[in-house]
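The values are calculated or read from the model by the stated rules, or taken from the named source; none is laboratory data. In this text, all values refer to a predicted model and were calculated from it rather than measured experimentally. For neighbour counting, all protein chains shown are included, and Cβ atoms are generated from backbone atoms with ideal geometry for every residue, glycine included.
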Amino acid sequence: MEFFESYGLILILLAAGVGFVMAWGIGANDVANAMGTSVGSKALTIKQAIIIAMIFEFAGAYLAGGEVTSTIRKGIIDPDYFSAVPEYLVLGMISSLFAAGIWLAVASWLGWPVSTTHSIIGAIIGFTATGVSMDAVAWNKVGGIVGSWVVTPAISGIIAYLIFMSAHKLIFQTSSPFQNAKRYVPFYMALAGFVMSLVTIKKGLKHVGLEIGSPNDFLLAIAIAIALGLFGKWFIGRMTFSGSEDKDLQAANVEKVFALLMVVTACCMAFAHGSNDVANAIGPLAAVVSVVSSGGEITSSAKLAPWILPLGGVGIVLGLALFGHRVIKTIGQGITHLTPSRGFAAELAAATTVVIASGTGLPISTTQTLVGAVLGVGLARGVSALNLGIVRNIVVSWIVTLPAGALLSIIFFYLLKAAFGVA
């Protein structure tokens, strides 16, 4: 098409720029999912958390972000409606990336943990419904996303509550917490190993062609769980203790064990997150590059140009380094007071919910999953343990995310149409 011959390079450069903005927004906002609880529980300082997340998020995005990516995320729109007007898809995807990136930057500045997936989906729905056709949007999937605002925080909250209460009853409320920690913490380590390896296998390794297959990935996760449990038993058995009968001192020592566990789970979550959510930035970017390169042909998936994954990885890392501390503080300190054992319960519950969602096809946001888990841990100590003002702001930000992304993308879409002279 003449449009792509005339403006091809400009469109790709523009898409790369706004794709970087979107990746920056993901780093600034969504990486708190992996690191917020570790910082809030003081298992890591904010500087340590950012350094660890930078390494594992970039590794996940670059090594396991995928060579081929879906050009239309989550099947939310029907690409057949664009076959006659491929320039609309290109301009729309550029608008969507910029809209979602701007919204994520605003939310991050305010310290609101919002869903990057819902931001880009809202933006794509916005330009499609107004610029192409209402029928091009899969509204039933939109309904599923709205339902997930309640379902996923509830699932992860219940799991976090159960994990925390079990540790409370089996370890902290006993007469000798440290002795019981030696007995039970290896089981928590094994459970964490099982869930985290499943998250990494299902959300990360499949992108680099290491899809192991359902029976085998469970067997590998079980093997890792057993190995980690045995290592935990050996490691805790070697820990020396002063012999003091003071329960507070014993509990403080137990918290140190959970703090060590949290560092491991945070690394796994960061890798899995980088491999999975980088697609929110590079999927629409890959769509633009694919359509422009083919002169207007629209395909369901696109092979990534070599520069796209590093662009996404660098964007995530810079967003995290420059802006990430705001949302990390909200998740880690704003909702409720976290200790390493509470933070571990929240992080393990969030990872477990991700695994459940992967197996059932439940549409989830990792942000909402983790916030729900932190709420569950807070509720274990009573409603008074929660900062209800912060919780209210977070819920409002979730509701606003879809329409905010949609409105911004509509504005940018019509501005771009005017700038490029597209009818």
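Residues in the range 74-94 that are of a type in the set (D, E) and not in a loop (DSSP other than H, G, I, E, B) were compared, and the one that is surrounded by the most Cβ atoms within 10 Å (Cβ to Cβ) is E87. Which residue is surrounded by the most Cβ atoms within 10 Å (Cβ to Cβ), if the candidates are limited to the range 360-382 and must be touching a helix residue (DSSP H, G or I) at 6+ places or on another chain (Cβ under 8 Å) and among the small types (G, A, S)? Residue satisfying both the conditions and the ranking: A373. Scanning the range 174-199 for residues that are among the polar types (S, T, N, Q) and touching a residue at least 24 places away in the same chain (Cβ under 8 Å), we see that the one that is farthest from P215 (Cα to Cα) is S175.
Within the range 283-307, restricting attention to residues that are farther than 10 Å from P86 by Cα and part of a loop (DSSP other than H, G, I, E, B), which residue is farthest from the chain's Cα centre (by Cα)? Walk me through it before giving the result.
Quick first cut of the range 283-307, residues farther than 10 Å from P86 by Cα only: 283-287, 289-290, 293-294, 299-307.
The next check asks that each one be part of a loop (DSSP other than H, G, I, E, B); those that pass are 294, 299-300, 304-307.
Numbers: S294: 32, T299: 26, S300: 24, L304: 21, A305: 24, P306: 24, W307: 23 Å.
Filtering first and then ranking leaves S294.
With respect to L97, determine if the residue is farther than 30 Å from V395 by Cβ, part of a helix (DSSP H, G or I) and aliphatic (A, V, I, L, M). Walk me through how you get there before you give the answer.
On the way: farther than 30 Å from V395 by Cβ: no; part of a helix (DSSP H, G or I): yes; aliphatic (A, V, I, L, M): yes.
No, not satisfied.
Return yes or no: is R392 touching a residue at least 40 places away in the same chain (Cβ under 8 Å) and either charged (D, E, K, R) or surrounded by 23 or more Cβ atoms within 10 Å (Cβ to Cβ) (or both)? Considered against the rule, which asks whether it is touching a residue at least 40 places away in the same chain (Cβ under 8 Å) and either charged (D, E, K, R) or surrounded by 23 or more Cβ atoms within 10 Å (Cβ to Cβ) (or both), R392 comes out as no.
Yes or no, residue by residue, for (1) surrounded by fewer than 19 Cβ atoms within 10 Å (Cβ to Cβ); (2) of a type outside the set (D, E, K, R); (3) modelled with pLDDT under 80; (4) not in a helix (DSSP H, G or I):
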{"site": "T174", "(1), (2), (3), (4)": "yes, yes, no, yes"}
{"site": "Y188", "(1), (2), (3), (4)": "no, yes, no, no"}
{"site": "L191", "(1), (2), (3), (4)": "yes, yes, no, no"}
{"site": "A221", "(1), (2), (3), (4)": "no, yes, no, no"}
{"site": "Q250", "(1), (2), (3), (4)": "no, yes, yes, no"}
{"site": "C267", "(1), (2), (3), (4)": "no, yes, no, no"}
{"site": "A272", "(1), (2), (3), (4)": "no, yes, yes, no"}
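For V150, the criteria (1) under 24 Å from the mean Cα position of the chain (by Cα); (2) under 24 Å from V391 (Cβ atoms); (3) surrounded by fewer than 24 Cβ atoms within 10 Å (Cβ to Cβ); (4) in contact (Cβ under 8 Å) with a residue 40 or more places away in the chain hold in every case but one, which is (4). Restricting attention to the range 123-130, does a residue exist that is within 21 Å of A225 (Cβ to Cβ), under 21 Å from the mean Cα position of the chain (by Cα) and touching a residue at least 40 places away in the same chain (Cβ under 8 Å)? Looking for residues that are within 21 Å of A225 (Cβ to Cβ), under 21 Å from the mean Cα position of the chain (by Cα) and touching a residue at least 40 places away in the same chain (Cβ under 8 Å), one finds none in the range 123-130, hence no. Of all the numbered requirements in (1) of a type in the set (S, T, Y); (2) at pLDDT below 90; (3) buried (at least 23 other Cβ atoms within 10 Å of the Cβ), T401 misses one, and that requirement is (2).
Does V18 satisfy the criteria of being closer than 29 Å to K141 by Cβ, out of contact with any helix residue (DSSP H, G or I) (no Cβ under 6 Å at 6 or more places or on another chain) and either part of a helix (DSSP H, G or I) or not aromatic (F, W, Y) (or both)? Against the criterion (closer than 29 Å to K141 by Cβ, out of contact with any helix residue (DSSP H, G or I) (no Cβ under 6 Å at 6 or more places or on another chain) and either part of a helix (DSSP H, G or I) or not aromatic (F, W, Y) (or both)), V18 does not qualify.
From the list A418, A423, A406, exactly one residue is crowded, with 18+ Cβ neighbours inside 10 Å, farther than 16 Å from P153 by Cβ and either out of contact with any Phe, Trp or Tyr (no Cβ under 6 Å at 6 or more places or on another chain) or modelled with pLDDT under 90 (or both). Which is it?
Working: A418 fails: crowded, with 18+ Cβ neighbours inside 10 Å; A423 fails: crowded, with 18+ Cβ neighbours inside 10 Å.
One residue alone meets the criteria, A406.
When the range 62-76 is filtered for residues that are modelled with pLDDT under 80 and under 20 Å from S119 (Cα atoms), the ones remaining, listed by number, are G65, T69, S70, T71, I72, R73, K74, G75.
Taken as a whole, the condition of being at pLDDT below 90 and in a helix (DSSP H, G or I) applies to K141.
Which residue out of V354, V314, V289 is more than 27 Å from G111 (Cα to Cα), of a type outside the set (K, R) and touching a residue at least 40 places away in the same chain (Cβ under 8 Å)?
On the way: V354 fails: more than 27 Å from G111 (Cα to Cα); V314 fails: more than 27 Å from G111 (Cα to Cα).
Criteria check complete, one pass: V289.
Would you confirm, using the coordinates I've provided, whether L348 is closer than 26 Å to L260 by Cβ, crowded, with 24+ Cβ neighbours inside 10 Å and of a type in the set (A, V, I, L, M)?
Numbers: closer than 26 Å to L260 by Cβ: yes; crowded, with 24+ Cβ neighbours inside 10 Å: yes; of a type in the set (A, V, I, L, M): yes.
Against the criterion (closer than 26 Å to L260 by Cβ, crowded, with 24+ Cβ neighbours inside 10 Å and of a type in the set (A, V, I, L, M)), L348 qualifies.
Taken over the range 21-34, residues that are at pLDDT below 85 and of a type in the set (A, V, I, L, M, F, W, C) amount to 3.
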